[in-house]
Structures are given as structure tokens and as C-alpha cells.
Amino acid sequence: MFAAPPWASTRQRATKVRHPAAARRWQTDRYRTHAGTGWKGRLVAQDVTVGEIPTPLTAEPMSAEAVAHHASRIGDAVAQVILGKSDVIRLSLVALLAEGHLLIEDVPGTGKTSLAKALARCVSGSVSRVQFTPDLMPSDVTGVSVYDRNTAEFTFHPGPVFANILVADEINRASPKTQSALLEAMEERQVTVDGNTLPLARPFLVLATQNPVEMEGTYPLPEAQRDRFFARTAIGYPDPANEVAMLADRETVDPLHEISAIVDQAMVADMIDAVNHIHIAPALRQYIVAIVGATRGMPQVRLGCSPRAALHLARAAKAAAALAGRNYVVPDDIQHFAVPVLAHRLLLTVEAHAAHRSAASVISEIIAHTRVPLGHGG
Amino acid sequence: MTTATRSPRTADRTEPGGPPGPRTTSSTSTLAAAPTVFGALAVLGGTTALMPLVAGVSWLLPVAEVVTVVWLVGIGARLLRLRPWIVELLQLAALAVALTSLFTTTGIGGVLPGPAAASEAATMLGSAWDQIMTSVPPATATAELGLFIALAVGAVALVVDLLIAGAKTPALVALPLLGLYAVPASIYSGMLPWYAFVLPAACYAALLALSGHRGVRAQSHAAVSLGVSTAVIGAIAIAASVVIAGSATGIGTNGRIPHTSHSGGPIGLSPWALLRGQLTDGRPEDVLNVTGVSQPAYLRTFTLEKWTDDKGFGFGPVSADVPDFDGTVPGAATGDDSTVVTITPQSFRDKYLPLYPDATAVSGIGSGWNYDKSLQTVFRTDPTVPGPYTVTISPTTTTAAELRQENVQSGGPLTQTGTLPSQVTSLANSITAGTTNPFDAVDALLHYFTDPANGFTYSLSTPLGNSGNALVDFLTNKKGYCEQYAAAMAIMVRSLGIPARVGVGFTQGVRQADGSYEITSNDAHAWVEVKFDKSGWVMFDPTPLVDGQGGLQGFVPAPSGGAGAGGATGTTTPTASSSGTAAPTTTHSLIGALPHQGQKIPEADTSPATSSATGPLGGHLPAVLIAIAGMTLFVLLLAAPTMFRRARRRKRLALAAGHRFGAGTAAWQEIRDTLIDHGIGPGDEESVRATANRLARVAHLPATGREQLKVVISCAEQEWYGAGAVGPQSPQPDLAPGVQTVITALDRTQPRRWPDRVWPRSLRGRR
């Protein structure tokens, strides 16, 4: 599909974390420091003072228009790499701003890594990539403490999770133990190694992929872990026109090189803060609850959506509103993101599977039958 | 936070516990009122077909009340969700109560129907039936007739209500409506007024339109809407054509549109001279036209010889003494000064031929006629409309003096009186006390009735009496019309042993500019004929003069001023001869009768005469006014929903242009209602943006329109979902042009159907 640039393919090999030495090499090469911190790659937990859960800002949050402006520039830049996939780009931006994680269920070669790299470049962030295999250990993700003979100390070598954007490839191939290590990091945004709790970078976005065609030797994500993903989507094949356009110049020009940083990480943090301040009307909160609640009562559904799903849907709607330059959520924001945010959390009944119902169609049906709150008496 | 209470009903509208299935409309009960009101209106409209049959409009009000009661009780009972048969019973009971309170006096507490009220109603219905059988349209609006009509129409309203709301078959309403229409159409001789068709037709069309939309299914949708549109357009076209025709030739078709002037239904005479009853003062029909008459005379159609106690004179056995009457009147002496009169029937249809009593020969009547010698009546077995025919008249001259010499034949059927009340016999005897010959006795009786001093007045109806005998009632109340006068005098004459009968026909009519006499239905008359031995049947007319009509006597009277009641003894020759000079050769002279009656007639007959005079105009004008008022009301009713919708639109547009908080909401509500009006209204589950996208697509909105719509949407969203920061103070753009653009585009691309124009969908509640 997307022709990977030469440097990317070498890096891809390099970042296959097989043993601590390799991890260390990768880390010293590639890992970038967290903006605004004094952390230089060697860090003990006690020193950590930054990158925590965002403290309430005294200053006025960034305006929705500004968020929309920056986000559209980021989106435009990423769109030069991933042609004709504005929906996926938008969803990944929403996930970035809503501090969620994306589960991309797709065949290899559709541009997942390119998307992650382009996004990371735009936000001046770092990218790491972990190829999940059955023998991958949790420490291969989180990092490991190594004894330094010169200093006679254990030095923590951070794993690939200490990046802004982590591409977790074929996450369902790893053992549940490793999966849960990553998922804990995703949820808690911190890693605990040897009793030390280390915060992760901000922004932190996991782009996990599942390979739906290669089902052999996989550990399917338990529903409890799927629930931690903010949204699921598929990049899908590009349409022929875009594929032709891609073939025209990818051999000589790497579009990733064309991308320069658009915002710094602090600004991304500000944008996330701005998204948190987007207004969502009480009626719309009830609307979200109604949608999520309806999934729990559908006869085709064995397991409905959790309250976390409602939380994620609200966050997605807020991020979508911010991307549109609005400082309030409208029902369409919710409707638009209901399927990617909710569908992967549903467990359908056997009968529904037999009837070839998909979770997405169930969510769409719920949206089509839930009353949209209008204003006064509307 | 101002948004906290905006949509409190969101939560309970979506049931989290179950799948959100298709929503049911809970507004069926309120919608059911609309078809039934049109059903009730259609019944009322159909009732107007009775307007030519019954004089005045006073009877309409009780009818309207009865229909309204039936309708309201139906609505109320159905709102309570009672069982259908209970609803019907309630309506029936309400109908009975309404009729009792409106018409009877003996109801329990005045309203509840009891046995007394039932028997009273039965009596009233019986007399209403008699009135229907005896009176010429239009009949006087008596309470009896009112009860009859209200009962019938109430029953029809009940059936209509049952068909619409109970049986859910509104199309069948046409059947009772047809019945309501067919009765007057078959009875009335002329054309029924146009509104009698237009009003029920329009209401029926509206009813179909409404109920059609309630029952639409996807498959039948097109067919139903096509039928409804056709019906509505047809009704409007008929209404328009009738209104145009009516305004061009004067409202009402009867006798106004030229080609219908002679096509009005024929008129026959009822073969009864009743002691009770009423006539109407409605619009007169032209019955006969008489040319060549030299002296005004009464036209006799038949004579009545059989007396029925407490009722009056009627037909005895009629015998065809001369079958296939060839035109020569048997036993008639042809005089020298015979005149030939041409009678042209206009809207006359009867079994009996109008003939002058002095006729000697008739020609041009065709075959099939018989002659009864004793009754002196030309008749046939089936009613017909005779063509123009000529009558040869040889007037006989009989003077009072001659008659005074004659004798009469007592006994036989002509002097049968049945069982007369003793007061009548004694009254007749006291009146004629002192008379020495039959003529004087009859003349005294005649003067008893015609002398205003005795208090007899002409009235179109006989008041109720309490004697239990119709004859005594009449003689006591002294009010009535020709039939009562003729019957009463004839029976009193008979009680003296003088043979008498009642002649029925027409008075002389009104002289036209061309010398002919126009005889109308108002000229129908009855009088007394007394049989003298030599002169035969002589005419006495005891009825007081009305409009200068009547008052002819079959003899040259004694012109004595002293010929009062009881004083009709021999009159002096000088005065008789002076009268003779006044009208020397007149046998059927109007002049002779005038001297002792003329002066006092106006005051004696003021009320009936006035009402009779204003009859034609007075009966016409209110009908026109009612028609106009009815049409206006109908148009207003039709236009009311549209006007209400427009007012609402104006209000919202003003709000939308107000640059204030709420402008967006108002603008969106207007757009939404316009979409509903055009049948493409948004569902509850559609967001504003989705609706707007659909709207822009179906209405082919241009780019500017889309921009305007976008502004409207964002304003509305900001009002509904925005944070408090964008509060009431922040100025809004003028949204009205955007709304207007949408309305124009929708009108162009999605034209509304007819029913939706009359009754905008946005006013019908949520689909």
C-alpha cells in the first residue's frame, strides 16, 4: 500500500524490541525528551515533577477557534501523507485531543504507521512502534532497569511506551499479560517499574492495530480491554484515484519529510485543555446517556456499553466540537462519533451474528431511533 | 446555567430499557373530532335543502342545536373511551333530551322525556304529518313541523356520527346525506337552492380529505390523495360555478335563471277543506295564466261534499258520469254573451281541471278526462299537466232578489252534518233567526263571517283551541283561512237543512299589464256553494279579503248596509237596484262585495296581510342573507387554519428578525413547521443539521440560501446547546430572510397538496 520510506523501514526493524540491548539502542537513538522537562533519558521516579494530570489552568483556555485552526493545519499536513482518509485523520485528531487511544482494525500496509508518524511530526512528538508477538514481555513495552557496572546502580531504560505516539502493531498477538501492561499504561498514563511510578508523555496516543484476517495465533482482546480503547476504526484501502496519485511520487519524495512541526507539545496540551472546557448541554448529556443506555437493552446485544463508553463519547463530541471551532457540542458531534466510539465495546448475541448484524449497524439503529433533544420545546 | 432546564423530556422519551421502536401517535382521540365536526356540518348543510319547503329560518336553530348536541356528546363520550354502543346510547338519550326540552312542555323537569312528553311528541308528530300532507310548500314553521324535522335530522346526525367515528367508514356518510337531500328533492316542485348541495358536498369533501389522511397507507396513499384532491377541487369548482351563476342572475335558481322559469315543479290542490291547519306565506308559484277573461271569476277545480266530523270537508265518491269528457259541459245552458277564455297551466299538475263554474264547453284538454255531474268536476285518474285549453263561459246572472224567491231541497247527502256540536247548531239558528227564506239564512251566515264587527280575521294558521272540537275552536278563535271559513259556513248552512258544499280552486288572480290574469299558488281558495232549486249551485265566499283577492259572491248581492249578522231580513229594493246600477251586468262582481267590507279590511287583516305581502320578498331576502352568511362562514372556516398558520409565521419571522436570543429557535421552528406543512417534516430522531441537509437537497437551495440556512442552524444550536456565555445579550443576525428563502424554495420545489393548504399539517399535531 503506502510505500514506506527507506528510513522508516530501517527504523521499523530497529524498533522491534527483542531484548533489552536493542531497546536501549532504540531509546538512545530516538527517544525525545518531554517538552518542558529536564528529563534527559535517565530518570528516577522521585525526580518527576512534570507531565502529571493537567492541573486546572488559571489562564483562559485556548479558544475553540484556535483549536480548530491548529487542528485543521495538522489535519491538512497529515492528509498529504494519508491520501483521501480525512475521516480517519479526523478521528485520530479527536482521539489525540480527547486523550484516547485508537484501535485500528485493518490489514497490513494501509498506512497505520505513516499516520502515526505524520501525526507525531506535526505535534513535535516522538513515535515508537512495538510489534506485538506472543513472546513479548511487559518489560519490553514499559522499559527495564539495567545494572550499570560503572556507577554500580540500576538505571531505568524506558520502553517504547515513553513516547507521544505509540504504534502497537497486532496487539492481539501478544499474551494477555503483556496486553494488560500496555492497557494499564494507556488508562493510567503512567508506568510502574520496580516500585517506581513514572508518568508518560503528554500527549500520549496509542494507535493499536488488530489484524482481522490473520486470526491464527492470536489472543483476542478481552472486552474489558477493548473497552479501554477510545475508538475503533479501519483505515481501509484508498480509492483508485488516490492510489494512483500515491504511486506518482512516493518513490522519489517522502511526504513525511515534507512535514514540519506545526505545534509544539505544550500547545497540544493547551488544545487538550481547551477541549476539556467545551460546553456540553445537559440535554445532550442525557442524549449520550440515552444512546449508551439503549445499547444495554437491545435484544441483539449480549453486553452493552459501559459508563466509560459514555465518558468517551462525551469527550469525542467535545473534541469534535472543538475541531469545528465551536465551544459547545451539538447532537451531530455525538451522532458522528457514536459508531467508532461505541461499536467495538458491544458483544452481539449469537443470533445477531447469525443474522449478519454488525455492532456498527446496531449503534446506527439506536441513533436513528433516539430522540434528538432540540431547544425550548422544539 | 440557563440550559439546565431546556429539554427535561429527553430522558423519558427514550426508554433505555428497551429497543426504541417506531413511535405511536397518541393524538388519535383529538383528531377524531375533526371528521365528526365535518360530518355534523354536512348534515346541517344538507338540512338547508329543506329551506324552500319550510317558511322562515326559525326551524333551523333547533335543528342546529340537536345536531350539535349529538356531535358534542359523541366527542365527549369517545374522549372518555366509552364503548361504541354506550356512546350511541348516550347520543340517543341526548337527542331525546334535546328534543324534549326544545319542543315539548310536559317533560320531567322540562328536559327529561317521560310518558307525557312522549305522547305529546307523538301528537305533535301526527299533526306535523297532517301539515305535511295538506300544505303547499313552503309550509309554516310550526313547532310540530320543527319537531318533525329536528327528529329526522337528529337521527341522520346520529347515523353520520356513528359511520364516521364508530364504524370508521366516513365514505358511507354520503348515504344518509343523500337521504336527507332526496326527501326535499322529491317533495319540492322547484329546484332546490344551490347551497343545499354545495354545503354538504363541501363538508363531505373535507371529511373525506381528513379521514383519508388518517387512514393512509403507503400503497393507497397516492390513490387516496388523488381522490381527495379531485373531490375538493370538484367541490370548489361547483361552488364557484354556482356562485357565479347565482350572482349573475340573482341568488337562487328558482325562477331566476331564464330557462328554468317554467320548469318548476307543478302544483296540485289538496282535496280537503280542513278545519285546522296552516298555510304558508312563502314565495308564490305561477300556476295558471288566464287570458280573455272579461270579468274576474273564481276557477273551480273540484267540489267537496263529504263532511267528516272534527275534520272538514273532503271528497265523497267521485263517479265518471260522463266518461271521456268531450268538452261539452252537460246541463250547462249556453247563453248569448259567452266569452272564450284561454287557460295556460304553468306549474299546475293535478287530476282535476280548473274550470269556471259557468263554463259551458272546454276544448284543448285532450282525452282521458271524465266528468262528475253532481260534483261538476272534470277529473281523470292520474295527475297530469294539462296543455293550454279554452273555456267557453256563459255567465248566468242571479240576483239576491231572485234567490230570495227560491227554495232548497233538504235531506240527502248534501245536508248531512254528522254529529254537530250543539253550540254550532244553536249558533247557526241564532244567526239566522228571523230569516224567512233559505237565501237570507245563508246570507246572514255569510255576513256573520264577513262582517268585521264579528271579529273574524284572516290568518294563515289556526290557533289551538281547547274545546276539543275543531269547528267550535274555529268559531271561538275566529281565526283561519279560506278552508276553515268555507267548511264552517258550509256545515252551518247544512245544519239549517240547506244543501251546501265546499268549492276548491283559485281566486281570480292578479291582472297583468297585457290584460291576462296570473294565478299563483297563493291564490288557491275554498268557498261555499249552496244549491238552490232553480239557480243551482250558487257561490258564497265567507273568507275575509286578503290583498284584494277573494270576496266574490255568486250572486248580485243586496247592497244594504244593514245586512249584518242576524239582520239579513228582506232588503229594500231601492238599494238593491242602486247596487244593480253600480254593477248591472256583473254576476261575479268584486265591486258588489266590497262596500260592506272594504273599509275595515286593512285593520282587521293587518298582520296576515302584511306578512303575506312581505312573503315573497321576506322569504327570499333572509334566504339570500343566510346563504351569503353561510358561505362567508364556510369560507372563514376553511380559511381559519391557514390564517392561524400565517399569523404564527408572521410572529416567528418577527422574532427571527429580532436580533435577540430566541431568534434562532423561532426561525428554526418556522422552518420545521414549513417542512411539516409540505409533508417532509423531520422526525424526532433527526438532528437539526441532518434536517437542514435534507432540506437543502430537496428544495434545491442555492448557495446563498444554504449559507442563510447555515446561519439559522448555528444560531438555533447556540441557543439550545451553547454555554451560558452566548447569552441573551449577544446580538444575532437577522434570520428572517433565510427563513423566507427556505419557504419560497419549498413552495417552488415541494408544492403542498390541496388538503394541506386548507388545513396545514403543522396544525394537526405531530403526524
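So here's what we get for this one:
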| item | result |
| --- | --- |
| Centroid-to-centroid separation of region B:76-138 and region B:455-522 [C-alpha atoms, Å] | 34 |
| Set of lysines near B:K651 by C-alpha distance (under 20 Å), chain-local residues within fewer than 8 positions excluded | none |
| Cα shape, region B:105-167, gyration tensor, a/c 1.5 rule | oblate |
| Calculated FRET efficiency for the pair B:K306/B:Q409, C-beta based, R₀ 25 Å, to 0.05 | 0.90 |
| Estimated vicinal HN-Hα couplings, Hz - region B:318-329 in sequence order (Karplus 6.51, -1.76, 1.60; Gly, Pro = x) | 9, 10, 7, 5, 10, x, 6, 3, 8, x, 8, 6 |
| Cβ-defined net charge surrounding B:Q512, 12 Å radius [Lys, Arg +1; Asp, Glu -1] | -2 |
| In sequence order, calculated HN-Hα J values of region B:102-114 (Karplus, 6.51, -1.76, 1.60; Hz; x Gly/Pro) | 7, 10, 9, 10, 10, x, 5, x, x, 10, 7, x, x |
| Shielding by other protein chains, B:304-313, mean Cβ within 10 Å | 0 |
| Interchain or long-range residues, amide H under 5 Å from A:E153's placed H | A:D148 |
| Residue-wise HN-Hα coupling along region A:325-333, computed from phi with Karplus coefficients 6.51, -1.76, 1.60 (Hz; x: Gly, Pro) | x, 9, 9, 9, 8, 10, x, 5, 4 |
| Cross-link partners of B:K306 among lysines (Cα-Cα below 18 Å; sequence separation of 8 or more within a chain) | B:K373, B:K531 |
| Cut-off under 5 Å, modelled amide H: who pairs with B:N370 long-range | B:F325, B:F379, B:R380 |
| Mean Cβ neighbour count within 10 Å, used as a protection proxy, ranking B:292-302, B:406-416, A:321-331 highest first | A:321-331, B:292-302, B:406-416 |
| 19 Å Cα-Cα reach of B:K351 towards aspartates and glutamates, excluding residues that sit fewer than 8 places from it in its own chain | B:E285, B:D286, B:E305, B:D321, B:D324, B:D326, B:D372, B:D382, B:D523 |
| Loss of accessible area when A meets B, both sides summed, Å² nearest 100, probe 1.4 Å | 2900 |
| Residues whose placed amide H lies under 5 Å from that of B:T396, excluding near-sequence neighbours | none |
| Net charge over other residues, Cβ less than 10 angstrom from the Cβ of B:L695 (K, R count +1; D, E count -1) | +4 |
| Ranked order, B:S516, A:S175, A:S86 - accessible area, probe 1.4 Å, largest first | A:S86, A:S175, B:S516 |
| Cα gyration tensor, region B:634-763 - rounded (a/c under 1.5), prolate or oblate | prolate |
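The values are calculated or read from the model by the stated rules, or taken from the named source; none is laboratory data. Computed from a predicted model, the values in this text were never measured in an experiment. With ideal geometry, Cβ positions are generated from the backbone for all residues, glycine too; neighbour counts draw on all protein chains shown. We work out accessible area using only protein heavy atoms, side chains counted, and drop any ligands, DNA or RNA first. Shrake-Rupley method; radii C 1.70, N 1.55, O 1.52, S 1.80 Å.
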